[in-house]
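First comes the structure, then the notes that go with it.
Quick note: the coordinates plus some simple rules give every number you see, no bench work behind them. Keep in mind that this is a model prediction, so the values were computed, not measured. Quick reminder, even Gly has a Cβ in these numbers, built from the backbone with ideal geometry, and neighbours come from all protein chains shown.
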Amino acid sequence: MKSCKQLLVLAACAASSLGTAPARAADTAVRASFQHAHASPDAVKVADWVIGSNNHRDLPFMIVDKKAAMVYVFDGKGQLRGSAAALLGAAVGDDSVPGIGERKISSILPEERTTPAGRFVAALARNIHGKEILWVDYAAAISLHRVATGNRAERRAERLASATTQDNRISYGCINVAATFFDKIVMPAFKNNGIVYVLPETKSLQQVFASYSEAKGLSAH
C-alpha cells in the first residue's frame, strides 16, 4: 500500500488544497435531487445537508451508503448523476486502524478491513498498475475504483451484481463499483476533484459529520 501512496502524492496535495468546508447555516429549503433512485433516509438527510449548507463548496459530491451498499454521485447543484451498488470493506466499522495506509496488504487483519466513514476531499489518480482510481482517504490508502476481479475465488463481480447486500463486504477497505459506472459517472464528475461522504454504520451522523449537528431542521425529516 505504501508504494501506491508514493505514486499518488501529487493527487493528495491537489485534493488537500481544497481544505475544509466553510461554515454556513443550512438552508432547509434547499434539497438534493435523487430523481427516481431509491435512497435510505440517512442518505437523503446527508445529501440535503450538503446542499443546504454548501458543505461541498459547490463541487460534485458522492454519498457512499455502507448499510445499503450503494453509491450516489451528484453534481455541484445537488442533481443526481448516477447511482450504483458497491463493494465495501469486509469488516464493519467506521474508523481505520492508525497507520494502516503504510502497511502491506498481507499484514492487514480481517477485523481491520474497514471502510472509514467521514468527509473526504477526493481526487482522480492512477494506481501502481496505471489504472484510474478515485483517491478517497489518502492516509488510510482507501480509494474507489472499478471492481477488482483478479481473485476469482472472491467472486466480486457476482457479489456486485447480486440483489442482496449481504455479500457486498469483501474488500480490504476500498470501494468497488462497476467499471461502466466508474468510467461514465465517477470519472467525468470528479475530473476536477470533489467531495465524498461515507455514511457511518456504527456511529451517528452527528458523530461523523461535526457540522451536521448544527444544521437545523435537516435531521428531522
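To check my understanding: the extent here is largest minus smallest coordinate of the Cα atoms along each principal axis. What are those three numbers for region 90-221, in Å, largest first?
Result for region 90-221: principal-axis Cα extents of 47, 34, 34 Å.
If I model a spin label as a point 7 Å beyond the Cα along the Cα-Cβ vector, how far apart are those points for E154 and H38 in nm?
The answer from the label model is 2.7 nm.
Shape verdict for region 53-98, please, from the Cα gyration tensor: rounded (a/c under 1.5), prolate (a/b greater than b/c) or oblate.
Oblate shape, in that a/c is at least 1.5 and b/c is the bigger or equal ratio.
May I ask you to compute the full-extension gain from R57 to K131, defined as 0.36 nm times their residue separation minus their alpha-carbon distance, rounded to one decimal in nm? Numbers along the way, then the final one.
Numbers: separation 74, 0.36 × 74 = 26.64 nm, distance 2.81 nm.
Difference between extended and current length: 23.8 nm.
Relative to the compact globular guide of 2.2 N^0.38 Å, what is the alpha carbon radius of gyration of region 18-160, as a ratio? Don't skip to the end; give the middle numbers.
Details: Rg = 16.2 Å, N = 143, 2.2 N^0.38 = 14.5 Å.
Scaled against compact globular proteins, the figure is 1.12.
Can you grab the distance from the C-alpha centre of region 64-90 to the C-alpha centre of region 108-180, Å, no decimals?
Result: 13 Å between the Cα centres.
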